[in-house]
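Novice: Below is a structure I'd like to ask you about.
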Amino acid sequence: MQRRDIPYVKITASRYAKGMLKEVRTHEPLTLIDKLICGAYIEARSCERFAALAPYLDDDLQAFYLSLLRSEARHYQDYLTLAEQIAAGDISERGAFLW
């Protein structure tokens with residue numbers, strides 16, 4: 001950012017994230033399951049953004065964004081795997097509700 005003379009700007013949470021988090025259940029382990037599902041959605045949305053932006057960037061930034069995309073993809077899969085392990089079963093219905 002400094003090399004490119006781009007100032008850091010504080011960004012507030014997205015509306016969709018706030019909306020999902022309002023629906024998180026309040027009793028463990030349900031809270032953890034819901035937060036993991038919300039985290040997975042947030043990571044997946046990051047993947048979409050990085051994939052959409054990458055083709056329009058210079059080579060250095062494109063490589064960086066594609067590496068971030070791969071990382072975020074692993075994160076969202078990890079979050080869903082953990083949520084299913086904690087739930088001891090299918091979480092697809094809860095995931096659809098939170099979205």
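The values are calculated or read from the model by the stated rules, or taken from the named source; none is laboratory data. Please read all numbers here as calculations on a predicted model, not as lab measurements. Reconstructed Cβ throughout: ideal geometry from the backbone, glycine too, with neighbour counts over all protein chains shown. To get the accessible areas, we keep the full protein, side chains included, count just its heavy atoms, and leave off ligands, DNA and RNA. Shrake-Rupley method; radii C 1.70, N 1.55, O 1.52, S 1.80 Å.
Novice: For the chain, what is the charge dipole size about the Cα centre, in debye to the nearest 20, if Lys and Arg each add +1 at the Cβ and Asp and Glu each add -1 at the Cβ? Before the final figure, lay out each step's value.
Specialist: Details: 13 positive and 14 negative charges, 83 e Å.
For the chain, the charge dipole is close to 400 debye.
Novice: So what are the ³J(HN,Hα) numbers for the range 13-27, from phi and the Karplus equation (6.51, -1.76, 1.60; θ = phi - 60°), rounded to whole Hz, Gly and Pro as x?
Specialist: 4, 5, 4, 5, 5, 4, x, 5, 5, 5, 8, 5, 5, 9, 10
Novice: Okay, moving on. Expressed as a rounded percentage, what relative contact order does the range 30-98 have, with Cα pairs under 8 Å and six or more residues apart? Kindly include the intermediate steps, with their values, before the conclusion.
Specialist: On the way: 64 pairs, mean separation 32.6, N = 69.
Here the relative contact order equals 47 percent.
Novice: Now for a separate question. Hey, what's the chain come to in accessible area per residue, 1.4 Å probe, Å²?
Specialist: On the way: 7370 Å² over 99 residues.
For the chain, the solvent-accessible area averages 74 Å² per residue.
Novice: What are the principal axis extents of the Cα atoms in the chain, in Å, biggest first?
Specialist: So the extents along the principal axes, rounded to whole Å, are 46, 24, 18.
Novice: Round to a whole number: what % of the accessible area of the chain belongs to carbon and sulfur, probe 1.4 Å?
Specialist: Accessible surface attributable to carbon and sulfur in the chain totals 56 percent.
Novice: Need the list of lysines near K10 for cross-linking: C-alpha distance under 21 angstrom, and skip anything on the same chain fewer than eight residues off.
Specialist: K10 reaches K18.
Novice: Net charge near E72: determine it from the other residues with C-beta under 10 Å of the C-beta of E72, scoring Lys and Arg +1 and Asp and Glu -1. Mind dumping the intermediate values first?
Specialist: Details: positive: R45, R49, R70, R74; negative: E43, E48.
Net charge in that neighbourhood comes out at +2.
Novice: Which residue, Y76, I42, L21, has the largest displacement toward the positive end of the dipole of the chain when charges sit on each Cβ (Lys, Arg +1; Asp, Glu -1)?
Specialist: Going by the Cα projections, it comes out as L21.
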